[in-house]
Amino acid sequence: MPSRRMPVVDIALRDVPAVAATPPDRKRVLARLRLTNSSFRTLTLLASILVLVILGGVIIALIEGSLPALRQFGFGFLVSERWNPVTENFGALAPIYGTVVTSIIAMMIAVPFGLLIAVFLTELCPPWLRRPIGIAIELLAGIPSIIYGIWGLFVFAPFLQRTLQPALIDLFGPIPVLSTLFAGPPYGIGTLTAGLILAIMVLPFITSISRDVFEAVPPVLKEAAYGLGCTTWEVVRYVVIPFARVGVTGGVMLGLGRALGETMAVTFVIGNAHRISGSLLAPGTTISATIANEFTEALGDLYTSSLVALGLILFVITFFVLAIARYMLMRIERRIG
Amino acid sequence: MNVYKALIAAGALVAASVAPAAAADISGAGATFPYPIYAKWADTYKKETGIGLNYQSIGSGGGIKQILAKTVTFGASDAPLKPEELTKNGLVQFPMVMGGIVPVVNVDGIKPGELVIDGPTLGKIFLGEVKTWNDAAIQKLNPGLKLPSQAIAVVHRSDGSGTTFNFTDYLSKVSPEWKSKVGSATSVEWPAGIGAKGNEGVANNVAQTKGSIGYVEYAYAKQNKLPHTKMVNKDGKTVAPEMASFQAAAASADWNSVPGYGVIITDQPGAGTWPITTATWILMYKTPADVATSKAALEFFAWAYEKGDKMAEDLDYIPMPANVVKSVEATWTAEIKDPSGKPLFTAR
């Protein structure tokens, strides 16, 4: 078609009467096109800058808000366990500890289970079962965290108090280190319960990302391995997992990001106690739970500032976790792409 | 908070704010504890006079911040401000209504009102020193009860609250060890136990956790049918939490002993006195910027003092004694004035 070779401006001029197609008009149309083009570019640029402005604003607000606390307590804020609103002596160690420990428990449970589900869905599942399980996993991800919290407090925690926790205490009681880790009394709620709830919450993230990267493994690799006489276990262990390793790690990091910042569900079941206990059954607290619990009634600048400083710490932790996750995912995309 | 009551209250506030306003609506913010009764009063007052009240129950700390920022006509707090803070900010403070705090327990075989606890033992439990239900300290107070060897799970508030302020104030008065180790404030460094958000959170955690003890506003214990305890009061008498014992505590208090009526009525003397009784306060400016709305607010409070007693008792609050009301109204006339120095309120 001849129009394909026509300059853009001539195409634009085609719709106006032929008599008008004089050189000045051509110039005007060109100018209009240029204007549209540049204003569109500016618009997209502004929209993108907005993200940076918001992020920068949050960082500045967090730093500014936490300055009084950081100035007062200095580095000691990070390593002190005290959290005493009466004497205004605050330290972030107990919430940091709780945040890290609950996330570790969640990951220790959710990562193996998530991988097992993903392997089953991609390699072993009969086709008719694949969709129901896949949808169920995605629904699990869609449940609001407050629902997990209520369910955790009313159903899960009393259940654990009656069953799992006494069993753990009896089982590990005679073993030296583990007896401290699982020392009673069984409250039902506590650090372990919060970790278990978090595991359920991050499971869908890890499962669905792992499933996607497993599906991205080129069939020819798997077929070649099967052709060599590999068992399903060997194909998964030596072909699928090595190929998808980086992508799975990215998914795990995204799940970890969620576990670190989760607030409502944890607040309901962790016990909200500013103490570091050797026992996983004892109540503890996390950064986000502390902020959610205490911000409304924080009297005095130092108290409020200490809570903002906790927010800053969480921001830094999650920023690094998510940065690593993005980097991992970027690498896998490059390899697949 | 009792869900049913909260829904009614929320509904009342929504209705009050949606209906066409005949006069400027009064705005207030603060304590969650008196929210149900303020909402009930506001609803009834709106029907009688057409003047609405918009009360946000954001917590005592928030209420103090809001009145200092002058975004509301009045602030409400469960913990009184100190006289010097009132003077510094030009605020007037007065008590509006009272309530009781009761220990609640979840122990197999213990029915409501069966268990007796005294202040020092309660302090030891919350310090984590008395660890099991059959501890000698508890058994001695309850010779007739068969107590289990179960571990005690202490449940306290995780958020700052006036309830905690009054509860810890009581423990500081009866236990020197509590006073030196923990002290009293709207939130404290708890030596033991589980934290839960709000009265409803404590009530739910106690209901869910076997062997637990917590403290809640009387209304929550009553409505959730939690087994409350009896207490040994300052006179050494065992009392049950009920309207009469709360009123006895209010009557025995010397309200004029502290400027701004900031009397904390825990551990009051008297044979029939419930030891952990509390008041909740209103904060207003001595020379408010919005004269008309502040005048309307004072008229609302006067109406609530005069006609709100029955409504308060229905919701398990304790109305202020008549002599205190008289004194508060005299304070309004003497201290709250428009820029020309004319009092905003004159008692009828």
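Answer yes or no as to whether residue B:252 is among the hydroxyl-bearing types (Ser, Thr, Tyr) and within 14 Å of chain A (Cβ to nearest Cβ). When the stated conditions are applied, residue B:252 does not pass them. Annotation for segment B:286-309: at least one member residue is in contact (Cβ under 8 Å) with a residue 40 or more places away in the chain, in a loop (DSSP other than H, G, I, E, B), closer than 12 Å to residue B:38 by Cα and over 16 Å from the mean Cα position of the chain (by Cα).
Within the set A:175, A:206, A:189, the sole residue that is of a type in the set (Val, Ile, Thr), open to solvent by less than 30 Å² (accessible area, probe 1.4 Å) and modelled with pLDDT under 90 turns out to be A:189. The condition of being more than 11 Å from every other protein chain (Cβ to nearest Cβ), in a loop (DSSP other than H, G, I, E, B) and either within 20 Å of the chain's Cα centre (by Cα) or under 29 Å from residue A:179 (Cα atoms) (or both) holds for only one of A:310, A:280, that being A:280.
Within 25 Å of residue A:273 (Cβ to Cβ), touching a Phe, Trp or Tyr at 6+ places or on another chain (Cβ under 9 Å) and away from every other protein chain (no Cβ under 14 Å): does that describe residue A:152? Criteria not met by residue A:152. Of the residues B:82, B:88, only one is over 19 Å from residue B:186 (Cβ atoms) and surrounded by fewer than 24 Cβ atoms within 10 Å (Cβ to Cβ); which? Result of the check over B:82, B:88: B:88.
For segment B:160-187, a residue qualifies if it is facing another protein chain (nearest Cβ under 8 Å), modelled with pLDDT under 90 and under 22 Å from residue B:105 (Cβ atoms), and exactly one does: B:161. Here residue A:298 fulfils each of the conditions (1) away from chain B (no Cβ under 14 Å); (2) assigned to a loop (DSSP other than H, G, I, E, B) apart from (1). Among residues of segment B:188-206 that are more than 10 Å from chain A (Cβ to nearest Cβ), those with a beta-carbon under 7 Å from a residue that is among the charged types (D, E, K, R) at least six positions away or on a different chain give the pairs B:199/B:217; B:202/B:157. Residue under question is residue A:155, and the condition is that it be more than 16 Å from residue A:106 (Cβ to Cβ), open to solvent by 40 Å² or more (accessible area, probe 1.4 Å) and modelled with pLDDT under 90; does it hold? For residue A:155, the condition - more than 16 Å from residue A:106 (Cβ to Cβ), open to solvent by 40 Å² or more (accessible area, probe 1.4 Å) and modelled with pLDDT under 90 - is not met.
Taken together, B:215, B:220 contain a single residue that is crowded, with 20+ Cβ neighbours inside 10 Å, closer than 21 Å to residue A:154 by Cα, modelled with pLDDT of 90 or more and among the hydroxyl-bearing types (Ser, Thr, Tyr), which is B:215. Summed over segment B:315-333, residues that are at pLDDT 90 or above and surrounded by fewer than 19 Cβ atoms within 10 Å (Cβ to Cβ) total 5. Regarding residue B:134, is this residue at the interface with chain A (Cβ under 8 Å from one of its Cβ atoms) and not aliphatic (A, V, I, L, M)? Here the answer is no, as residue B:134 does not meet what is asked.
Inside segment B:209-250, residues that are aliphatic (A, V, I, L, M), farther than 29 Å from residue A:193 by Cα and assigned to a helix (DSSP H, G or I) make up a count of 6.
Tell me whether segment B:36-48 contains one or more residues that are at pLDDT 90 or above, β-branched (Val, Ile, Thr) and open to solvent by 10 Å² or more (accessible area, probe 1.4 Å). Yes, the conditions are met somewhere in segment B:36-48. In this structure, residue A:244 does not satisfy being modelled with pLDDT of 90 or more and among the small types (Gly, Ala, Ser). Identify all residues within segment A:221-253 that are touching an Asp or Glu at 6+ places or on another chain (Cβ under 7 Å) and either surrounded by fewer than 17 Cβ atoms within 10 Å (Cβ to Cβ) or aromatic (Phe, Trp, Tyr) (or both); write none if there are none. Across segment A:221-253, the qualifying residue is only A:232.
The values are calculated or read from the model by the stated rules, or taken from the named source; none is laboratory data. Everything numeric in this text was worked out from a predicted model, so none of it was measured. Backbone-built Cβ (ideal geometry, glycine too); neighbour counts: all protein chains shown. Quick note on the areas: whole protein, heavy atoms, side chains included, nothing else; ligands and nucleic acids left out. Shrake-Rupley method; radii C 1.70, N 1.55, O 1.52, S 1.80 Å.
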